[in-house]
Amino acid sequence: WYFFFSSRRRHTRCREVSWARRCVQETGFRECHKRDGAGLVAYLAWLEHQLNVLNRTDITEFTGAEKVLEFRKSILNFQGLSFGTISSIGPNGSVIHYEPHADNCKVITNKEVYLLDSGCQYLDGTTDVTRTVHYGVPRDIEKEMYTRVLLGNLCLERAIFPNNKVVNGSMLDMYARKYLWEVCEDYCHGTGHGVGHFLGVHEGPIGISLYRKVPFEDGFVCTNEPGYYKDGEYGIRIENQMICKKCEKNPSYLCFENVTMAPYSKSLIDWKLLSKQDIEYVNAYHKKVHDTLAPLLKDDPIALKYLAKECEPHVCQAITDLSVSYTHLRAHETSLHLVCRLLLEKKKY
């Protein structure tokens with residue numbers, strides 16, 4: 001029995017070490033995501049151009065999946081897909097593991113939400129990224145739910161927690177669901193899964209969900225993919241890959257580094273729901289994405305234009321004119337401000 005449990009402990013520790021990436025592997029993840037991000041942006045820019053400039057109506061979910069693969073095939077160290085591409089428009093996006101087929105799929109239009117979950121195997125790493133876009137005018141509810149998903153994604157990405165081999169995926173899961181729970185909404189899948197280095201794109205047992213109990217350690221790589229799905233209407237998911245690492249300010253704490261390089265959909269963001277710090281964080285990420293991908297897309301003017309548009313910093317609106325009227329202020333106050341003002345006015349009398 002001693003040898004059984006002793007070997008079992010050694011085997012378990014070997015598996016733990018395999019989850020933690022060495023520096024060369026972490027560098028590989030960063031580098032392959034740069035190239036993969038360029039291919040993804042090239043496709044999203046091409047699709048927008050086909051729909052809004054050339055007014056094409058013959059691009060289907062299946063041909064879209066084939067096209068994004070075409071863009072990535074020419075990327076350095078490309079070896080193949082890491083999983084079947086999820087290319088879904090409108091109601092098909094609400095099917096979490098939807099897979100389009102040539103003889104049974106919808107046409108992609110600029111009138112509905114489009115969800116693309118895709119990834120590839122490269123010699124220096126494995127990618128898994130999801131972006132949700134709308135090439136027309138999204139509805140207010142679509143913008144709100146996209147923004148809540150984005151805020152949950154950013155909340156988890158910015159999490160800082162003790163490096164004590166206690167904090168696990170079940171403890172981190174609520175960070176990503178927080179902003180959906182505020183409006184009594186949720187999603188029925190895990191928030192993240194482990195990712196292998198030129199290995200399985202779904203690598204357990206590490207992950208982020210209510211049922212993941214393996215503590216996080218320096219070097220673990222996982223996804224961050226909250227979502228929202230309105231049955232029969234649309235689906236939203238934003239997925240990045242993150243490396244768990246020690247905090248620079250205090251190595252006794254852990255944090256995450258987002259290595260995915262692809263802009264968020266600015267047309268789907270309701271900026272009023274973001275704080276000043278949130279906006280600055282998104283702007284900083286978009287600047288990093290632009291500066292990283294622009295040199296890789298220099299020969300593709302359509303992609304460069306799309307990248308510049310999506311990465312343009314959002315300017316926080318502020319009241320700079322001190323002569324603005326009291327009536328104007330009252331017309332734009334929030335519900336919370338209204339309650340506070342009425343209570344103060346009541347107190348004066």
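The values are calculated or read from the model by the stated rules, or taken from the named source; none is laboratory data. Please read all numbers here as calculations on a predicted model, not as lab measurements. Methodologically, a virtual Cβ is constructed for each residue, glycine included, from the backbone with ideal geometry; neighbour enumeration extends over all protein chains shown. Note: areas computed on protein heavy atoms with side chains; ligands, DNA, RNA excluded. Shrake-Rupley method; radii C 1.70, N 1.55, O 1.52, S 1.80 Å.
Counting only protein heavy atoms, what percent of the accessible surface of the stretch 242-282 is carbon or sulfur at a 1.4 Å probe?
Values: 990 of 1880 Å².
Within the stretch 242-282, the accessible surface is 53 percent carbon and sulfur.
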Item to complete: With a 1.4 Å probe and every protein chain left in place, work out the accessible area per residue of the stretch 228-305 in Å², rounded to a whole number.
Response: 47 Å²
Practice prompt. Give the relative contact order (percent, whole number) for the stretch 17-150; include only Cα pairs under 8 Å separated by 6+ residues.
Written response: 26 percent
Worksheet item: For the stretch 136-212, how big is Rg over Rh, using alpha carbon atoms and the Kirkwood form of Rh?
Response: 1.05
Worksheet entry | Note, ³J(HN,Hα) from phi for the stretch 193-207, Karplus 6.51, -1.76, 1.60, rounded to Hz, x at Gly and Pro | 9, x, 10, x, 9, 6, 9, x, 6, 10, 10, x, x, 6, x
Worksheet item: Which whole-angstrom value gives the distance between the alpha carbon centres of the stretch 125-155 and the stretch 172-187?
Response: 14 Å
Discussion item. With every protein chain left in place and a probe of 1.4 Å, what is the accessible surface of Arg158, to the nearest 10 Å²?
Written reply: 80 Å²
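Just list whichever of Lys165/Lys213; Lys266/Lys309; Lys143/Lys288; Lys111/Lys230; Lys111/Lys305; Lys165/Lys245 have alpha carbons separated by over 19 Å in the model shown.
Listed pairs above 19 Å: Lys143/Lys288; Lys111/Lys305.
If you take the Cα Rg of the stretch 54-184 and divide it by 2.2 N^0.38 Å, with N the number of residues, what do you get? Walk me through the numbers on the way to the answer.
On the way: Rg = 17.5 Å, N = 131, 2.2 N^0.38 = 14.0 Å.
Here the answer is 1.25, to two decimals.
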Response to the item:
For the stretch 47-64, in residue order, the Karplus 3J(HN,Hα) values (coefficients 6.51, -1.76, 1.60; θ = phi - 60°; whole Hz; Gly and Pro = x) are 5, 4, 5, 5, 7, 9, 9, 8, 6, 6, 10, 10, 8, 9, 4, 5, 5, x
Item to complete: Among the chymotrypsin sites (Phe, Trp or Tyr not before Pro) in the stretch 164-239, which ones are in a DSSP loop with at most 15 other Cβ atoms within 10 Å of the Cβ? Mind listing them?
Response: Tyr211
Discussion item. Once ligands and nucleic acids are excluded and a 1.4 Å probe is used, how much of Glu217 is accessible, expressed in Å² to the nearest 10?
Written reply: 30 Å²
Item to complete: For the stretch 197-267, build the convex hull from the C-alpha positions and give me its volume per residue in Å³.
Response: 148 Å³
Worksheet item: At a 1.4 Å probe radius, carbon and sulfur cover how many percent of the accessible area of the stretch 63-209?
Response: 55 percent
Fill in: the stretch 66-132: translational diffusion in µm²/s, Stokes-Einstein, Kirkwood Rh over Cα pairs, 25 °C, 0.890 mPa s
192 µm²/s
Worksheet, complete the sentence: Scalar couplings 3J(HN,Hα) for the stretch 143-159 by Karplus 6.51 cos²θ - 1.76 cosθ + 1.60 (θ = phi - 60°), nearest whole Hz, x for Gly and Pro, are 5, 4, 5, 4, 5, 5, 5, 4, 4, x, 4, 5, 4, 5, 4, 8, 5
Worksheet item: Under a plain spin-label model, where a point goes 7 Å from the Cα along Cα-to-Cβ, how far apart in nm are Val107 and Glu66?
Response: 1.7 nm
Worksheet item: Considering every pair of different Cα atoms, what Kirkwood radius, in Å, is found for the stretch 188-318?
Response: 17.1 Å
Discussion item. Let me cross-check Ser267: its accessible surface, 1.4 Å probe, with only protein heavy atoms counted, in Å² to the nearest 10?
Written reply: 50 Å²
